[in-house]
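One structure is given below, encoded as structure tokens.
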Amino acid sequence: MKTYLYPLLAGLICLAGCTNEDAPLEQPEETAATFRIDTRGDIGENRLARLYIGERKPEHFTEDPTHLHVNRIVDFSGGSVTVEELKPQWYKFAFVSVPDINGTDIFTETTPGKGSCDLNDQMIDYKPVFLQDTGSYMEDPENENNDVKLHATPDGDIFRKVINRWTESGKTVNETVTMNRLNGQLVIDMGVLEDQFDCDNFAQDEVTVTVTVNDLPTRLYITDNDVDEIKTADIYKSMSWQTKPKPNVISDTKDPKLHHVIYINLLPGTLSGSVTVTTPEGEFTYPLQGTMGQPVIKPNTRTRLTFNGVSDGMFQVQYAGYEDTQIDVDDDAWDGWEEQTII
């Protein structure tokens, strides 16, 4: 056996050596990926959608072990995106949808203009959302078809989904991705102002309602975290929004019934600030905090404050999902209403 085995192995080695010289090593075939984007609700038409593709680069590990190299950034529209020439390897795909606010560049990074190739430096600038007019309505709590729109609530929704995927040689990835809303919304129901502040059919522009919110986070990291982590930055000291309610019609036979309701899009965080009502009789300020703690802005949640009256000087706080977009709070603990009272 020894006599014949060694020559046979030698021949195979020679054959292999000749084959390697004649034919190059086979290169792995690049692949493509197509993603269809679903937000489970109507998010409007004037939107910007972007895909960040991250990958690990060994040459970056010595500089920063948390660095995730941006392979490319793809802007897309139409609810789907296809990326080609992907090597068979691990990738991080971060899908983002933001409002298009008069061409404002809402996409930014930790140091604006730096052009960082680290996915963890990529951010969303939420300040353009704050600078829009707030939503202001005269609403009938008993008949939603009787509402009077003063200023439509501007689009301030930020959607995101981050996924990890391995691409295989020669195979095309086809997948539907559902993005989640990251921002919340503050809703303030001031009730019937004529009743609350004893105004006798005040004329237009005689009464103003000013909402001031303190310690606002103004930027949001896209992050490479695939568990829906929300990481905010750049706290702005204070910002105010002013609305002018439309007077109710009052007569001997008709009582006022329309509530003045304000809608403001905000990033998640603890809410602090105040509501100031200015009437011909004076100025009245009520803090958005109390003995039972401060309200919280939660992602994909409306925080509703209902004014209970001047004498009580309090708001009722309720949390609920976005009922009109079919996007509900995932945690069962928030299905329905949770109520608390702050003074």
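The values are calculated or read from the model by the stated rules, or taken from the named source; none is laboratory data. Predicted model, so just to flag it, every value in this text is computed and none were measured. Glycine also receives a Cβ, built like all others from the backbone with ideal geometry; neighbour counts cover every protein chain displayed. These accessible areas exclude ligands, DNA and RNA; they are computed on the full protein's heavy atoms, side chains included. Shrake-Rupley method; radii C 1.70, N 1.55, O 1.52, S 1.80 Å.
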Cα Rg, Dmax, segment 144-261, angstrom units: 22.6, 79
With the calculation restricted to Cα positions, what are the radius of gyration and Dmax of segment 191-312 in angstrom? 17.6, 62
Given a Förster distance of 30 Å, the FRET efficiency implied by the Cβ-Cβ spacing of Asp198 and Lys127, rounded to the nearest 0.05, works out to 0.20
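So between Thr276 and Glu229, what do we pick up on full extension, going 0.36 nm a residue minus the alpha carbon distance?
Details: separation 47, 0.36 × 47 = 16.92 nm, distance 3.42 nm.
Here the segment from Thr276 to Glu229 would lengthen by 13.5 nm.
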Expected output is a single nm value to one decimal: the length gained when fully extending between Tyr236 and Asn164, i.e. 0.36 nm times separation in residues minus the C-alpha distance. What is it? 22.6 nm
Would you be so kind as to identify which of Gln204, Cys117, Val148 lies farthest towards the positive end of the dipole of segment 70-210, taking Lys and Arg as +1 and Asp and Glu as -1 on Cβ and the Cα centre as origin? Cys117
Potential extension, Asn46-Ile73 segment - 0.36 nm per residue separation minus Cα distance: 7.7 nm
Among Lys149/Lys231; Lys127/Lys254; Lys171/Lys298; Lys161/Lys244; Lys161/Lys237, which pairs are too far apart, with a Cα-Cα distance over 32 Å? Lys149/Lys231; Lys127/Lys254; Lys171/Lys298; Lys161/Lys244
State the percentage of accessible surface on segment 118-221 attributable to carbon and sulfur atoms; use a 1.4 Å probe and exclude ligands, DNA and RNA. 39 percent
FRET efficiency, Lys171 to Arg56 (Cβ-Cβ, R0 30 Å, nearest 0.05): 0.90
Answer rounded, prolate or oblate for segment 52-114, using the Cα gyration tensor with square roots of eigenvalues a ≥ b ≥ c: rounded when a/c is under 1.5, else prolate when a/b is larger than b/c, else oblate. oblate
Quick one: work out Rg over Rh on the C-alpha atoms of segment 103-166, Rh as Kirkwood radius. 1.20
Out of residues 5 or more away from Glu109 or on other chains, whose amide H comes under 5 Å of its own, with H placed 1.01 Å from N in the peptide plane? Met123
Please turn the phi angles of segment 73-86 into ³J(HN,Hα) values with the Karplus equation 6.51 cos²θ - 1.76 cosθ + 1.60 (θ = phi - 60°), one per residue in order, whole Hz, x for glycine and proline. 10, 10, 8, 8, 8, x, x, 8, 8, 10, 10, 10, 6, 9
Phi angles of segment 135-148, converted by Karplus (6.51 cos²θ - 1.76 cosθ + 1.60, θ = phi - 60°) into ³J(HN,Hα) in whole Hz with x for Gly and Pro, give x, 9, 9, 9, 10, 9, x, 9, 8, 5, 7, 9, 6, 10
Sort 249-261, 96-108 for me by packing, meaning the mean count of neighbouring Cβ atoms within 10 Å per residue, highest on top. 96-108, 249-261
